[in-house]
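Computed from the coordinates by the stated procedures, all read-outs in this text should not be read as laboratory data. As the structure is a prediction and not an experimental result, all values here were calculated from the model. Note that each Cβ is placed from the backbone with ideal geometry, even for glycine, and that neighbours are counted across all protein chains shown.
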Amino acid sequence: MRKILFPLLVVVVAVGIFLMARSDKEVPEMGAQRKTRMLTAEQLLARVHQKENLMRLRTGTDVLPGGNAAAMVPVMIDWEESRPWAEDPFVIVHNLNHGGNPVDGTTVFCTARIPLNGVEAVEFILVPLDNIGSEGLIQHGQLRFIFAKDQPVELLNYGDPASGSDPFLYDIVFSWEAWRPPYEEYDVMRGMNPAAYQLSPRLFSGPTRFLDEALGGRTWTAFRLRLPNGRAGLSELLKVELAISDGVARHSISKILKQSEEEWAAQAPDSAGSGASLAAWKALRAVAAPHPVTADTMINIKNQDLAYQTLLRSCATMALYTINVTVDRLVATGHTEGLNMDNLMNPELGEQEKWMTDLASTDLKGIFLRAPDAIRYLREHPEGWPKNIPKQLEKAGLLELENGKVKKIVYRIDKVTPYGTLKGNLIK
């Protein structure tokens, strides 16, 4: 029986990988190629000095030096303005995506004050990206942090409450993504090679992210997390998420700036103006330099582990990694209540194996040849499929239950959303 089952399993996995490689392809847009606008080093440096202002970008055409989409820039912490160890701790973040209009292709970045003790709930969210299977073969994973009504996130450049403005947000979404040029489709197989994409931890307001998904015809399937030590445990998860995100963001941006500076310097004309631009590059790199806040090596991730990789460091596995690191830290301080200690997951990002990189450039025959390695890996790491992560979290005792079953909420634009009904929120 086993002689029959294993070849059958190889075929199933190979076909699954093949479908995975094809299911995220979309029909290219008709019309002429869009002309990009590259932001200069001087413009980026001016943004650093005018960080209190909103920044509006064209999602499909604005690029950073090097060619990656400016609208995919990661969240970064302003450490000089933050007070993470104060009595009422908070951090100031830049590049929070709130507003803009996906219909006309604009993105707006804000600066926000995030209260570290304000988290009331956290959801692990799966977003199907295809129509294969009942819940989708390819799924995006992200973490949604919900804040208490008396401790919201405050947008610092969105109007003064004294004048009647409402600058407050009650949920934010962290989404780990493969940073690439505008309108370059994400390729699952290409992402097997960590040299293909930079890793970008992006931050959205919940409503902005949900609208983007809804316009793409996608739903949210939310699983409410249950961590030891109650709200303090949820607060620890927020701190871990912010610290890891900021570290990875600085690594990715520094790498892009270094490469772009070298390319610019090699092509720059021998003139007086080139010296000023070179100074701007160096100033930008100083702003993006690493800012370690802890000796924990699980948070200060090794440089070689900071690139995007479809199985090891994808959207879903990075979300899971932050949860695992948080639980590891809570257990170390004696908080184990509600945990199934025999099913806890180690905080790891895995080791790159040759067959993974080979899949980035192989054909259907190559996929079949490497399917046994994929089967072995997925048996050892079932979280490689995002849809398996909720079951892993349930086994570890990390999901809220309702009547003995995992509490799962499906949010849809035409039915239940996290923000009420669309009909109720539109001005008639």
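Quick check: residue separation of Gln43 and Asp373 times 0.36 nm, minus the Cα distance between them. What number comes out in nm?
Full extension from Gln43 to Asp373 adds 114.1 nm.
What nm value, rounded to one decimal, do you get for the distance between Glu185 and Ala295 when each label is placed 7 Å out toward the C-beta?
Result for the modelled spin labels: 5.0 nm.
Explain nothing, just the number: dipole magnitude of the chain about its Cα centre with +1 on each Lys and Arg Cβ and -1 on each Asp and Glu Cβ, in debye rounded to the nearest 20.
980
Given a cut-off of 24 Å, name the pairs among Lys239/Lys415; Lys302/Lys408; Lys258/Lys302; Lys255/Lys302 whose C-alpha atoms lie farther apart than that in the structure shown.
Lys239/Lys415; Lys302/Lys408
Please give the length that would be gained between Asn388 and Ala86 if that part of the chain were fully extended, namely 0.36 nm times their separation in residues minus their C-alpha to C-alpha distance (nm, one decimal).
104.9 nm
Tell me, Cys315, Cys110 in order of fewest to most beta-carbon neighbours within 10 Å?
Cys110, Cys315
Can you figure out the FRET efficiency of Leu54 with Asn340, using R₀ = 45 Å and their beta-carbon distance, to the nearest 0.05?
Given R0 = 45 Å and the Cβ-Cβ separation, E is 0.50.
How many angstrom lie between the C-alpha centres of the range 182-237 and the range 357-428?
After rounding, the separation between the Cα centres reads 11 Å.
For the chain, what does the helix formula give at 222 nm: sum of -39500 (n - 2.57) over DSSP H segments with n ≥ 4, over the residue count, nearest 500 deg cm²/dmol?
-11000 deg cm²/dmol
Can you give me the relative contact order of the range 101-192 as a percent, contacts being Cα pairs under 8 Å and 6 or more apart?
24 percent.
Hey, fewest Cβ within 10 Å first, where do Asp160, Asp305 land in order?
Asp160, Asp305
Relative contact order of the chain: what whole-number percent is it, with Cα pairs under 8 angstrom and at least 6 residues apart?
18 percent.
May I ask you to list the chymotrypsin sites (Phe, Trp or Tyr not before Pro) in the range 73-122 that are in a DSSP loop and have at most 14 other Cβ atoms within 10 Å of their Cβ?
Answer in residue order: Trp79, Trp85.
List the trypsin sites (Lys or Arg not before Pro) within the range 79-181 that fall in a DSSP loop (any state other than H, G, I, E or B) and whose Cβ has at most 14 other Cβ atoms within 10 Å.
Of the trypsin sites (Lys or Arg not before Pro), the ones in loops of the range 79-181 whose Cβ has at most 14 other Cβ atoms within 10 Å are Lys149.
Test of understanding: ordering His335, His94 by Cβ neighbours within 10 Å, fewest first, what list do you get?
His335, His94
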